Each structure stands twice: as C-alpha cells, then as structure tokens.
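Undergrad: The structure follows.
The values are calculated or read from the model by the stated rules, or taken from the named source; none is laboratory data. Only a predicted model underlies this, so the values are computations on that prediction, with no experimental measurement involved. Cβ placement follows ideal geometry from the backbone for every residue including glycine, while neighbour counts extend to all protein chains displayed. Surface accessibility is based on the protein's heavy atoms, side chains included, excluding ligands, DNA and RNA. Shrake-Rupley method; radii C 1.70, N 1.55, O 1.52, S 1.80 Å.
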Amino acid sequence: MGRKRAIRRLARFAAFLTLLAAWTFAALPVSAEDPSGELTVGVPADRCPVFYMDEDTGEVIGIGTDLMRIAAEKAGFSVTFQPIGEETVKEALDNSFYDFVMPLGSAVASSYGEATVVSDNLFQTPFTLVALSGQKLPPLENLRVGMLRSLAGGAETVKQLYPGVNITLFESMDESVKALRDDKVDALLHNSYVWSYVLQKPSYSDLSVQPSAMFSMDFRAGTLDTPQGREKIRRLNEGIAALTDTQRQAIILDYTSRRLYHSTFSDFLYERWPFMVLGALLLISFAVILYQKQRAFKFKQEEKLRQLIDHDPLTGVLSLSGFRKRAEELLRLHPNMPYVISYSNIRNFKYINDRFGMEAGNELLRFWAEKTGAILTDLDALGRIEADHFAVLRHVENEEQIHADTRLVFDPVRNFFISRSKEMRVQICTGVYSLTTADFKDISIDRFLDYARVAEKRLRETHNEGFVFYNEKQWDLGKLVVDVTGRLPLAMKTGEIQVWYQPQVDHRTGEIIGAEALCRWDHAERGMMAPSKFITALEEAGLIYDLDCYVWERACKDLRRWELAGKPQTVSVNLSRADFAKDADLPGHFRDLIQRYKLSPDRLHIEITETAYVENPELLIVTTKKFREYGFRVEMDDFGSGYSSLNMLKEVQVDRIKLDLHFLTETGDAEKGQIIVRHMILMAQSLGMELIAEGVERKEQAEMLSGLGCTEMQGFYYYKPMPAADFELLRGIF
Ligand code: C2E
Ligand code: MG
Ligand code: MG
C-alpha cells in the first residue's frame with residue numbers, strides 16, 4: 001500500500017513537472033510533426049480482453065492495443081504500451097511519461113483538474129449490467145450499481161446519463177461481487193468484453209448478464225490539453241479515420257473468441273471441492289485403516305510374544321509366568337472360593353529319562369498335562385513350573401474332590417509306563433497349600449507356591465509319595481468354613497441349629513433367676529458343635545446375623561410358650577459385633593420381636609460383648625441407650641476377659657456386668673486374680689450396676705464371689721447349658 005502511494009506521489013510530481021513544461025512550451029511555436037514518432041501509451045492491464053498482459057511476451061495486448069497500434073501506425077507513429085501504475089486512468093493523465101492514456105469515453109478532466117483532449121472513437125464498447133442469476137432488477141432510477149474504481153471516468157459518464165443511479169466504486173472484481181451477493185448493490189456494471197472474460201470464472205457461475213445492454217461508451221485515447229497533445233491527437237485521428245469497421249470487427253472477434261481465461265488454483269479448488277473432500281475423506285480413512293491394521297499387527301505380535309512367554313512349548317500348558325498371572329487373576333475374581341495350590345514333582349524323573357530316553361520323558365509330561373487339563377475347569381489353572389514340576393490352582397469344595405483328582409490324574413500318570421508294558425511306576429510327590437482368608441487380601445502366588453513346594457519337599461524326603469498339606473489345620477478350617485457356611489440355611493430349617501439354655505443362679509438361695517440362650521449345631525456330618533467352632537466362620541462369611549435372628553426368635557418363642565404355660569422365665573441372648581454392621585436398628589428389631597410374641601421387654605436381657613464397646617463406642621453407647629429406653633435390660637458380656645476398658649463403664653450405662661471368670665483359671669496367680677475380681681465387684685457396685693459372674697466352675701469360686709458381694713452366678717458348678725426340653729423339665733414348666 002505504502003509503495004503504491006509513493007509511486008502515485010512520484011507520478012504526480014512528474015505530472016506537475018510536465019505541466020510546467022507544457023505551460024512553458026505553450027508559449028513557443030510547436031512543430032506540427034512529432035520529431036520522434038514514438039508513442040508511449042499508458043493503459044490499465046487488468047481488463048482482459050481489452051487490455052491484458054501476455055504471459056509469454058510480458059507485453060500488454062488486447063482489443064484496445066491492436067486497434068490503437070493500427071491507428072497509430074497508420075498515422076506514422078510507432079507505439080509502446082505501458083501498464084499504468086496509477087489507480088485510475090484519470091490519474092494517469094497527469095503522468096507526462098505517457099503520450100496518451102487509454103481508454104477514455106470523453107475529455108474528462110485529469111485528477112489534477114487539468115483539461116484534456118481525446119482522440120476520435122476507436123470503437124464502441126458496450127457496457128452491460130450483471131446481477132445474481134434469477135434476480136429481478138429495480139428500475140434504473142433507483143438502481144444501486146457497483147463499478148470498479150479504475151472505471152471512475154466511466155462512472156462519471158453513467159452519472160451524467162442516469163442521475164438516479166447510485167454508484168459504489170470497488171477496488172476489485174471480487175470485492176464488487178461480494179457486495180452484490182451481500183445485497184449491497186443490485187448489479188455490477190462493466191465493459192461487456194471484460195464480462196465475457198470474467199464470467200468464465202467458475203465461482204462466478206451464479207452471476208448472469210442482464211440482457212438489456214445499458215449503454216455504449218466510446219473508446220478513445222487522451223492526453224492533457226496542450227499544443228503538443230492536440231497535435232498528437234490530430235495525427236492519431238488521421239490513423240483512426242483510416243481504420244475500417246471490418247478491421248475493428250476482426251480484432252474484436254479474434255480476442256473474444258480466444259479462450260483467454262486461465263483457471264486459477266482457487267478455481268481449481270472451487271470446481272472440484274466435492275471430489276477434493278471425497279479424496280480427503282478417502283485419504284483419512286485409508287490412513288485410519290492403515291493405522292489400525294498396524295496396531296492390530298503390533299497387538300498380534302505382542303500377543304504372540306506373550307503366548308510364547310506365558311506358555312510352555314512342550315506341553316502347551318501355562319509357563320511359570322503365565323501361571324502366576326492366571327492364578328492371581330482367578331483369586332482376585334473369586335475371593336470367597338475355597339482354593340488350594342498344589343506343587344507336584346516326579347521323584348524318579350531323572351531315572352526315567354536315563355532309562356527310556358528324553359522323548360519318553362517328554363511324552364510322560366505331555367500325558368500328565370493332558371490328563372490334568374481334562375479335569376480342570378475355568379476356575380482352575382495349570383502350569384509347568386520347570387522340568388517335571390507342575391503347579392495347579394484348584395477350586396476345591398471338599399476332600400472327596402482331591403481324591404477324585406488323584407484317581408483321574410495321578411493314577412494314570414503313575415501307571416503311564418506300566419500300561420505301556422514297561423516295568424516302571426512313576427512316583428509323584430505333591431505338596432498342597434490351602435489358601436486362607438488372609439491370603440486373598442495379600443495375593444502372592446510365589447509365596448503360595450513356596451509353601452506347597454515346602455510340603456512337597458517334606459514328603460519327598462520321607463521317601464513317600466502322594467500328597468500332603470502344608471497347612472493341615474488351615475485345610476481343616478477351610479473345610480469347616482465350607483461345611484458351615486454352605487449348610488446354614490438348611491440347618492436352620494431342619495432343626496440342626498438348636499437353642500440351649502444355661503440357668504443362672506442366686507448363690508444365696510440356689511434359686512434359678514434366669515438363663516442364657518446359647519446356640520448349638522447338631523451338624524449332620526460333624527455331630528454336635530459348640531459356637532466356638534463355627535461362629536468365627538459365620539462372622540467372616542457375613543452370616544452370623546442370620547443365625548442370631550434365628551436364635552433370638554427361637555428364644556422369644558420359648559419365652560412365649562413358657563409364659564402361656566404359666567411359668568414365665570427371663571432369658572439373656574447374645575449379640576455379635578457383626579450384627580451392628582448388618583442392622584442399623586437392632587433395638588427396633590427386638591421391639592418388633594417382643595410385640596410379635598407378646599412379651600414384656602424385661603423378659604429379655606441383651607448381652608453385648610465388651611469387645612464391641614471398645615471397638616465402636618459411639619454406636620454402642622447410642623444403641624444401648626435405645627435398648628434401655630425400650631425397656632430391655634442390657635448386659636456387658638465377657639467383662640474382664642482381656643479387652644476391658646474400665647473407662648468405658650463411665651461412658652455407658654448398662655444394667656448388669658457379666659464378669660468372665662475364665663481368666664481366673666487361665667492365669668497362674670490366683671491371689672492376684674482374686675484382688676482384681678474384688679475390685680471389679682466393688683467398682684460395679686459403686687457405679688450402681690448389677691453383677692453376675694459366669695464361668696463359675698468350683699464351689700470355692702462361688703463362695704469367694706459371694707463373700708465379695710457377687711451373688712448371681714452362671715457356670716458348670718451349677719448347670720451346664722442344656723436343651724430347651726431339659727430346661728423345661730428343670731423349671732417344672734411341662
Ligand atoms: P458367652 O456369651 O460368654 O457364653 C458363655 C459361654 O461360657 C458358653 O459357651 C458357656 O457354655 C460357657 N460356660 C458357661 N459356664 C462355664 C463354665 O463354668 N466353665 C466353662 N469353661 N465355660 C462355661 P458356649 O455356649 O460355647 O458359647 C461360647 C460363646 O459363643 C458365647 O460366650 C457367646 O459369645 C457365643 N454365642 C453362643 N451362642 C451365641 C449366639 O446365639 N449368638 C452369638 N452371636 N453368639 C453366641
Ligand atoms: Mg453371653
Ligand atoms: Mg460371656
């Protein structure tokens with residue numbers, strides 16, 4: 001922009017000098033003939049096909065140049081055409097560098113307001129209106145017309161001819177077309193020949209020529225009105241007069257019939273955008289497919305590699321690393337299933353290899369893997385850890401299953417050579433580790449394998465074969481858990497679960513003052529079980545609440561029956577710590593129970609173990625309070641059994657403390673024990689709480705307690721827990 005302005009200033013300065021010279025020379029006599037005969041004609045080079053740059057020669061050519069050249073030559077001039085640097089032809093008139101400027105319609109004043117002279121008409125140029133296709137134009141009187149600024153002279157002529165027309169000048173064709181599309185003008189006006197060229201542009205296909213040509217404009221050469229100018233014009237006019245119409249038409253036809261429009265890159269894009277978009281989409285899809293294919297290939301390769309690492313090429317079962325992964329995955333997926341890990345080893349494998357050859361040994365291993373694989377399910381995993389060592393993670397429900405596995409897998413493997421008529425019995429040693437509940441929280445396959453391996457080694461060293469458990473007790477416990485948790489619902493229905501009663505006695509009178517309800521399980525396979533055997537398992541399996549609800553209800557039923565029989569009793573029931581987590585409203589649960597069995601709340605004593613108070617004091621304090629509000633008597637069970645927080649007694653108000661005498665028998669120093677008991681009794685008395693001692697086994701204990709002021713007692717010294725029927729007999733109820 002800055003550069004353009006500088007050129008314009010320079011041009012104006014040159015024009016000013018020319019003017020000065022013109023005035024000076026005007027006073028002098030001028031020769032009629034231009035001595036040089038050379039003409040420089042300034043023309044706008046952007047009006048194809050009237051004036052435009054020939055790309056091959058770099059010269060300005062077009063209808064205008066051809067006509068002018070013929071006329072000038074006929075007048076004895078030789079012509080050079082120069083593209084004007086000025087924005088308009090009017091401005092170029094002031095530039096003395098040009099002998100003539102073209103095209104001019106009439107003798108308009110120069111941009112400095114100087115008078116000009118123009119030649120005769122070289123040819124008639126039709127001017128045409130172009131509008132958006134299908135658009136109806138308003139009448140000429142108030143038509144909004146767009147023209148290019150370079151045609152400012154033409155605009156003036158139009159204004160003179162049609163004063164009502166409103167003309168807006170634009171810098172470029174694109175700008176004017178945009179204004180047309182934005183409805184800022186109704187039509188664009190330009191030289192018809194230029195239109196014939198411009199409208200070939202594909203992106204202007206929405207424009208169309210308005211058939212009624214508006215007007216024609218003369219096409220003349222002009223210069224400032226000086227004597228020399230006038231003289232040159234005179235001579236040029238002679239040449240123009242010699243131009244024939246045939247010549248004119250031939251030139252016009254020549255240029256208008258040429259395919260002068262060259263598509264630009266933007267035309268290319270405009271014309272082909274749907275294909276380009278499609279192409280781009282195809283390219284992108286292709287790239288995406290390629291990328292995915294590559295990923296899939298990579299994944300496949302990795303998978304292959306993983307397969308290689310995680311599998312044993314000889315037998316096809318998992319390798320050690322594969323076994324680790326799969327076993328860990330299974331244990332995480334099934335944290336409540338009884339699982340064992342076994343580690344097996346062939347004792348005489350080296351001997352087998354030596355005697356029958358490596359291939360026979362390999363065949364044996366494949367056979368073993370195949371046999372084991374056949375009995376395993378999706379819940380199990382089998383791996384060859386090394387040489388002749390196999391590991392199995394097996395979901396085992398009972399011992400019977402282990403025996404079945406032995407029959408189906410180990411027996412055929414042991415007899416592998418014998419059944420092939422070879423005198424050799426394969427000896428297998430297997431160590432088994434039974435997973436504990438804690439193992440599921442801290443899964444370490446290597447550790448489990450180590451345990452199993454230790455057991456296997458122990459067995460091998462005793463020169464035995466078969467299988468041994470690393471943790472026999474755990475295995476037994478595991479079995480117990482399965483037996484207990486799996487059977488509980490049925491046991492409650494069939495009466496295997498029973499409620500027994502242990503009477504509580506007033507030592508002074510020997511009178512029975514109440515009883516504690518204690519559950520017993522008469523297990524079909526395991527016989528009569530005390531709660532210590534199964535309560536922990538039920539607590540861990542989250543089933544203790546089910547059992548307790550059953551016991552509480554059973555006790556209420558019994559109480560109701562006894563009351564109806566006219567022999568009301570008082571019964572203490574036990575609550576487990578886990579019950580508080582399962583039921584947020586235990587007091588409400590008991591209130592419903594006594595309402596259902598029409599019992600008064602003081603018939604039921606609620607025993608809550610001291611440990612529960614220590615573990616969750618806030619909840620227990622609130623719950624105890626509520627129980628007492630509902631009229632139940634609350635007892636703190638197992639007091640003194642090791643967890644006592646004496647501080648707790650200050651926070652919570654219970655009705656009775658149940659002193660656990662077991663510690664008296666366990667600790668060696670009876671004297672110290674007595675001191676503690678004495679102080680506990682004293683403390684309870686001063687806190688205003690009643691006291692009962694449980695676990696009283698001997699007469700001396702009873703007398704000692706009584707001497708200290710604790711007269712309520714429960715223990716084998718008086719009665720052992722007994723079935724309800726025995727209790728009824730004892731109490732003379734039925
Ligand atoms: P606990 O509530 O402290 O019950 C007293 C336990 O001491 C009973 O054991 C009883 O048989 C035993 N016992 C009574 N007198 C003597 C004695 O002189 N010497 C000895 N060595 N023991 C005596 P049991 O019935 O085996 O119950 C054990 C524990 O199981 C109970 O302790 C209680 O905490 C729990 N329990 C029993 N039944 C249930 C129940 O239905 N639900 C819940 N959640 N826990 C129960
Ligand atoms: Mg108890
Ligand atoms: Mg107790």
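Undergrad: Of everything in segment 695-725, what is out of contact with any Leu (no Cβ under 9 Å at 6 or more places or on another chain) and surrounded by 15 or more Cβ atoms within 10 Å (Cβ to Cβ)? Give them in sequence order.
TA: First, pick out the residues of segment 695-725 that are out of contact with any Leu (no Cβ under 9 Å at 6 or more places or on another chain): 698-700, 702-704, 706-707, 714, 716-718, 720, 723-725.
A702, M704, S706, Q714, Y717, Y718, A724 - these are the residues of segment 695-725 that are out of contact with any Leu (no Cβ under 9 Å at 6 or more places or on another chain) and surrounded by 15 or more Cβ atoms within 10 Å (Cβ to Cβ).
Undergrad: While we're looking at this one, here's another question. Here is a list of conditions, (1) closer than 27 Å to E615 by Cβ; (2) at pLDDT 95 or above; (3) away from ligand 2 (no atom under 16 Å from the Cβ), and L543 meets all of them except one; can you say which number that is?
TA: Only one criterion is unmet by L543, namely (2).
Undergrad: Continuing with the same structure: Condition first: surrounded by 21 or more Cβ atoms within 10 Å (Cβ to Cβ) and assigned to a strand (DSSP E or B). Now tell me which residues in segment 299-350 satisfy that.
TA: Within segment 299-350, L318, Y339, V340, I341, S342, Y343, S344, N345, I346 meet the criteria.
Undergrad: Here's something else I'd like to know. Out of V396, V409, V392, report the one residue that is under 23 Å from V482 (Cβ atoms), in contact with a Pro (Cβ under 8 Å, 6 or more places away or on another chain), touching a residue at least 12 places away in the same chain (Cβ under 8 Å) and among the β-branched types (V, I, T).
TA: On the way: V409 fails: in contact with a Pro (Cβ under 8 Å, 6 or more places away or on another chain); V392 fails: in contact with a Pro (Cβ under 8 Å, 6 or more places away or on another chain).
When all the criteria are applied, what remains is V396.
Undergrad: Name the residue, out of S119, S110, S133, S106, that is out of contact with any Leu (no Cβ under 8 Å at 6 or more places or on another chain) and assigned by TED's automatic domain parsing to the domain that holds I252.
TA: Numbers: S119 fails: out of contact with any Leu (no Cβ under 8 Å at 6 or more places or on another chain); S110 fails: out of contact with any Leu (no Cβ under 8 Å at 6 or more places or on another chain); S133 fails: out of contact with any Leu (no Cβ under 8 Å at 6 or more places or on another chain).
Every option except S106 fails the conditions.
Undergrad: I'd like the full set of residues that are modelled with pLDDT of 80 or more and of a type in the set (A, V, I, L, M), limited to segment 665-683.
TA: Once the filter is applied, which keeps residues that are modelled with pLDDT of 80 or more and of a type in the set (A, V, I, L, M), segment 665-683 yields I675, I676, V677, M680, I681, L682, M683.
Undergrad: Out of the residues in segment 531-545 meeting the condition of being more than 9 Å from ligand 1 (Cβ to nearest atom) and more than 41 Å from the chain's Cα centre (by Cα), tell me which one is most open to solvent (accessible area, probe 1.4 Å).
TA: This residue is T536.
Undergrad: Moving on to the next point. In segment 613-625, is there at least one residue being of a type outside the set (F, W, Y), over 22 Å from L687 (Cβ atoms), more than 16 Å from ligand 2 (Cβ to nearest atom) and without any contact (Cβ under 8 Å) to a residue 60 or more places away in the chain?
TA: Taking every residue of segment 613-625 in turn, none turns out to be of a type outside the set (F, W, Y), over 22 Å from L687 (Cβ atoms), more than 16 Å from ligand 2 (Cβ to nearest atom) and without any contact (Cβ under 8 Å) to a residue 60 or more places away in the chain.
Undergrad: Same structure, new question: Take the residues of segment 463-487 that are aromatic (F, W, Y) and assigned to a strand (DSSP E or B): which is nearest to Y451 (Cα to Cα)? Before the answer, list the steps.
TA: Within segment 463-487, the first condition is being aromatic (F, W, Y), and the residues that meet it are 467, 469-470, 475.
From what is left, the residues that are assigned to a strand (DSSP E or B) are 467, 469.
Numbers: F467: 13, F469: 9 Å.
So the residue we want is F469.
Undergrad: Continuing with this model, one more query. So is Y501 open to solvent by less than 30 Å² (accessible area, probe 1.4 Å), closer than 27 Å to K625 by Cα and among the aromatic types (F, W, Y) or not?
TA: Considered against the rule, which asks whether it is open to solvent by less than 30 Å² (accessible area, probe 1.4 Å), closer than 27 Å to K625 by Cα and among the aromatic types (F, W, Y), Y501 comes out as yes.
Undergrad: Let me ask you something else. Please go through segment 372-429 and give me each residue that is open to solvent by less than 10 Å² (accessible area, probe 1.4 Å), more than 19 Å from I341 (Cα to Cα) and part of a helix (DSSP H, G or I), ordered by number.
TA: Scanning segment 372-429 gives a single hit, V413.
Undergrad: Also: With the condition kept exactly as written, say whether any residue in segment 488-497 is assigned to a loop (DSSP other than H, G, I, E, B) and of a type in the set (A, V, I, L, M). Don't jump to the end; show me each part of the working.
TA: Residues of segment 488-497 that are assigned to a loop (DSSP other than H, G, I, E, B), as a first pass: 495-496.
With the extra rule that they be of a type in the set (A, V, I, L, M), the set shrinks to none.
No: zero hits.
Undergrad: Out of the residues in segment 510-529 meeting the condition of being closer than 26 Å to V482 by Cβ and touching a Pro at 6+ places or on another chain (Cβ under 9 Å), tell me which one is surrounded by the most Cβ atoms within 10 Å (Cβ to Cβ).
TA: To start, the set of residues in segment 510-529 that are closer than 26 Å to V482 by Cβ comprises 518-529.
Cutting the leftovers down to touching a Pro at 6+ places or on another chain (Cβ under 9 Å) gives us 518-521.
Details: L518: 18, C519: 22, R520: 16, W521: 24.
So, considering only residues that are closer than 26 Å to V482 by Cβ and touching a Pro at 6+ places or on another chain (Cβ under 9 Å), the one surrounded by the most Cβ atoms within 10 Å (Cβ to Cβ) is W521.
Undergrad: Starting from segment 510-524, keep only residues that are touching a residue at least 60 places away in the same chain (Cβ under 8 Å), then list their pairs with residues that are within 14 Å of ligand 3 (Cβ to nearest atom) and not in a strand (DSSP E or B) whose Cβ atoms are within a distance under 8 Å, requiring at least 6 positions of separation or different chains.
TA: As it stands, the answer is E516/P721; L518/P531; L518/P721; R520/A530; R520/P531; R520/P721, since those pairs meet every condition given.
Undergrad: Exactly one condition in (1) at pLDDT below 90; (2) under 19 Å from S150 (Cβ atoms); (3) not charged (D, E, K, R) is not met by Q124; state its number.
TA: Failing condition for Q124: (2).
Undergrad: What is the number of the single condition among (1) under 40 Å from the mean Cα position of the chain (by Cα); (2) under 21 Å from A455 (Cβ atoms) that N345 does not meet?
TA: (1)
Undergrad: State yes or no: is E525 more than 16 Å from ligand 3 (Cβ to nearest atom), within 53 Å of the chain's Cα centre (by Cα) and outside any helix (DSSP H, G or I)?
TA: Details: more than 16 Å from ligand 3 (Cβ to nearest atom): yes; within 53 Å of the chain's Cα centre (by Cα): yes; outside any helix (DSSP H, G or I): yes.
So E525 passes the test.
Undergrad: Condition test on L224, is it open to solvent by less than 60 Å² (accessible area, probe 1.4 Å), in contact with an Asp or Glu (Cβ under 7 Å, 6 or more places away or on another chain) and not charged (D, E, K, R)?
TA: On the way: open to solvent by less than 60 Å² (accessible area, probe 1.4 Å): yes; in contact with an Asp or Glu (Cβ under 7 Å, 6 or more places away or on another chain): yes; not charged (D, E, K, R): yes.
So L224 passes the test.
Undergrad: Mind checking which residues of segment 141-154 are at pLDDT 85 or above and over 17 Å from L180 (Cα atoms)?
TA: Correct list: empty.
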